[in-house]
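The next block holds one structure in the form of structure tokens; read it before the comments.
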Amino acid sequence: MCGIVGAVAEREVRDILLEGLKRLEYRGYDSAGLALITTDATTSDTRINTVKTVGKVNKLVTATTKAKASGRIGIAHTRWATHGKPSVANAHPHRSGDDIALVHNGIIENYESLRTLLKKQGYRFDTDTDTEAIAHLIHHYREGNKHSLLSAVKKAIKLLEGAYGLCVIDNNEPDKLVVARSGSPLVIGVGIGENFVASDPLALGQVTDRFIYLEEGDIAQVERESVNIWHKGKKVKREITTVAHQNNDSDKGRYEHFMLKEIYEQPKVIKDTLDGRISKTSVLEQAFGIEAPGLFDKVTSVQIVACGTSSHAGLVAKYWIESIAKVPCQVDIASDYRYRDIIVLPGTLFITISQSGETADTLAALRYAKKLGYVATLAICNVATSSLVRESDINMLTMAGQEIGVASTKAFTTQLTILLVLAIVLGRRTGLKPAAETKLVKELHKLPSIIEKALGLKKQIKTISKQFSDKHHSLFLGRGIQYPVAKEGALKLKEISYIHAEAYPAGELKHGPLALVDNKMPVVAVAPNNDLLGKLKANLSEVSARGGKLYVFADESINFASEKRLKVINVPSCSEVLAPIVFTVPLQLLSYYVAITKGTDVDHPRNLAKSVTVE
Ligand code: G6P
């Protein structure tokens with residue numbers, strides 16, 4: 001997804017901007033660009049120098065060096081196309097005349113009417129983007145040099161409908177960055193005698209650890225020595241937060257891809273997620289904040305909202321919350337939830353699940369939900385400083401560390417881990433006995449080592465992955481709580497190997513998808529040792545009878561035997577409650593190795609972005 005970096009300093013800022021863009025690369029992008037205000041050494045005249053390229057940030061680095069672009073103030077952007085194809089023209093920064101340049105995250109919904117309006121004023125449009133209209137609008141409100149950049153931006157944003165994070169420079173005021181936030185995150189990085197702007201603090205880890213998080217509707221003027229912020233026309237003060245660990249984990253170490261590294265980090269990050277949250281025998285619910293226990297006391301039902309992989313974590317959690325806590329739980333996709341009429345039962349806890357905490361649909365769902373009378377809002381999130389966490393009443397953070405691979409792995413299993421803890425916390429209030437809690441907590445303690453064992457399946461999975469490389473379609477089957485696990489397995493495979501993968505509850509096979517099964521169709525099934533095993537086996541026989549090739553990930557204690565056209569992969573034995581987390585791991589490895597065999601760009605799959613901050 002798009003990324004913004006801006007800097008104003010005494011020193012040269014070109015490399016700061018480029019490094020910032022590199023740090024945002026993992027979010028997914030298709031083109032990049034920067035604009036610097038360059039001062040002529042002899043005449044002291046200034047002019048805006050723009051460099052833009054299609055493709056990776058390295059190309060921009062080369063082009064910037066070639067263009068000898070330099071400056072002490074500048075803005076930069078990585079773009080993920082929404083309006084108009086990835087091209088140099090459509091890449092940001094966008095210009096209006098010689099003086100205005102701006103970068104934008106988000107989507108302007110009324111850009112067509114703005115274009116019509118501006119064309120009537122004599123503006124020419126050179127790109128297909130919504131952003132170019134903002135540049136011209138600001139230029140228009142400058143009325144030559146009659147009004148300052150700040151007041152022109154203030155006027156311009158009044159006309160914008162949609163979402164934006166903006167950073168603007170003007171050659172007539174070559175010492176200022178003007179920024180505005182509405183629906184798209186922006187932070188100001190505070191330095192000494194220099195200041196910065198970014199859509200994610202991660203981009204500025206090399207220059208500062210002090211940040212001001214702009215709030216919705218904020219406009220700011222950022223200069224070398226000062227930061228001034230306005231909200232609804234009034235000047236406001238915003239707190240400076242120190243954010244530790246601005247390291248983007250950008251080292252793959254001994255791994256070929258971030259995704260593999262992140263798969264292997266799971267035992268550790270699951271342990272980190274449990275640390276301080278459980279004792280030997282019980283959950284330490286105070287770890288979730290002082291208000292949390294009081295709010296949990298009021299909960300009689302749960303509504304979960306999320307997108308993508310995070311929504312699969314929600315679907316698994318529904319089973320835990322209903323079986324352990326006996327509390328009804330509903331799960332919605334954020335993009336649907338925000339547009340439907342919702343009936344909120346009294347005592348309902350609203351939960352969002354998100355790795356990034358910046359997903360536009362999930363954030364919009366939270367904002368919508370806050371008006372509906374839920375008992376409280378809880379964010380389960382991997383980024384402590386994210387908008388989602390800041391806007392929710394309480395949070396339970398996952399400790400996955402930064403996830404760079406676009407296909408989510410460790411974020412998912414840590415989300416599941418914390419959701420299981422949540423089910424126990426709610427269960428305490430609805431009759432879960434201390435002995436039952438202790439049993440569950442002891443299971444949680446075993447989790448990191450079972451995951452470690454599951455990673456040992458790598459070699460076997462690598463071998464079978466070769467059999468998928470020429471396939472175009474596949475089916476994933478699971479029953480009950482394993483159905484969302486099958487969905488996640490199928491999502492991973494399609495995301496990174498581009499093989500069509502469809503997940504079905506195994507019991508539904510005979511109601512349609514069985515028609516697809518022939519000897520060319522690989523069918524993957526997850527078979528933990530639970531009460532549904534007999535029924536699952538019957539479903540698998542239906543596949544075998546149609547000549548389908550089965551790959552069954554089975555709990556080793558079942559002693560499921562391989563046969564012709566049925567390959568069993570024995571998964572380390574685990575309790576039923578842990579099975580969704582444990583069985584996820586071999587499916588991650590399967591998709592990874594299939595993608596490797598196919599030679600796709602595992603960490604940056606085509607058309608996808610890590611963090612989707614537009615609707
Ligand atoms: C994007 C990512 C997915 C992720 C989804 C939700 O589509 O590619 O991996 O599951 O967004 O992201 P979130 O940060 O809210 O979990």
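Nothing in this text is a laboratory measurement; each read-out follows from the coordinates by a stated rule. Owing to the predicted nature of the structure, the values given are computational and were not obtained by experimental measurement. Backbone-built Cβ (ideal geometry, glycine too); neighbour counts: all protein chains shown.
Summary table
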| read-out | value |
| --- | --- |
| Equivalent ellipsoid semi-axes - Cα gyration tensor, the chain, angstrom | 46, 27, 22 |
| Cα-projected label distance for K119 with H472, points at 7 Å along beta-carbon direction, nm | 4.1 |
| Segment D601-A538, extension gain: residue separation times 0.36 nm, minus the distance between their alpha carbons | 18.9 nm |
| MRE, 222 nm, helices only [DSSP H, n ≥ 4, -39500 (n - 2.57), over the chain, to nearest 500] | -10500 deg cm²/dmol |
| Phi to ³J(HN,Hα) by Karplus 6.51 cos²θ - 1.76 cosθ + 1.60 over region 478-484, Hz, x for Gly, Pro | x, 10, x, 4, 7, 5, x |
| For a label point 7 Å along the Cα-to-beta-carbon line of E12, residues of region 64-85 with backbone N under 14 Å | 64-73 |
| Length gained when the stretch Y498-S323 is fully extended (0.36 nm per residue, less Cα-Cα span) | 59.5 nm |
| Packing-based order for 89-101, 265-277, using average beta carbon neighbours within 10 Å, highest first | 89-101, 265-277 |
| Relative packing of 63-70, 236-243, which averages over residues the other C-beta atoms within 10 Å, highest first | 63-70, 236-243 |
| Cα long-axis angle, helix 149-158 against the chain (0 to 90 degrees, to the nearest 10) | 50 |
| Pairs of Lys in region 252-342 closer than 30 Å at Cα, counting only those 8 or more apart or on different chains | 18 |
| Charge dipole of the chain about the Cα centre (unit charges at C-beta), most positive-ward option of L432, T38, T127 | L432 |
| Whole-angstrom gap from region 455-509 to region 152-221, using each part's C-alpha centre | 43 |
| Amide H partners (placed H, <5 Å) of M396, local residues excluded | A379, I380, C381 |
| Check: the chain dipole with +1 on Lys, Arg Cβ and -1 on Asp, Glu Cβ, in debye | 1100 |
| Neighbour net charge for T53 - beta-carbon separation under 12 angstrom, K R +1, D E -1 | +4 |
| Under 13 Å, Cβ to Cβ, from K439 - net charge with Lys/Arg +1 and Asp/Glu -1 | +1 |
| Where labels lie 7 Å past Cα in the beta-carbon direction, separation of D341 and S573 in nm | 5.4 |
| Calculated log₁₀ intensity ratio I(q)/I(0) where the Debye formula runs over C-alpha points of region 437-485, q = 0.19, 0.20, 0.29, 0.32 Å⁻¹ | -0.92, -0.96, -1.01, -1.00 |
| Anchor K66: lysines whose Cα lies under 28 Å away (excluding residues fewer than 8 positions away in-chain) | K22, K52, K56, K85, K176 |
| Local net charge near N382, Cβ-Cβ under 10 Å (Lys/Arg +1, Asp/Glu -1) | 0 |
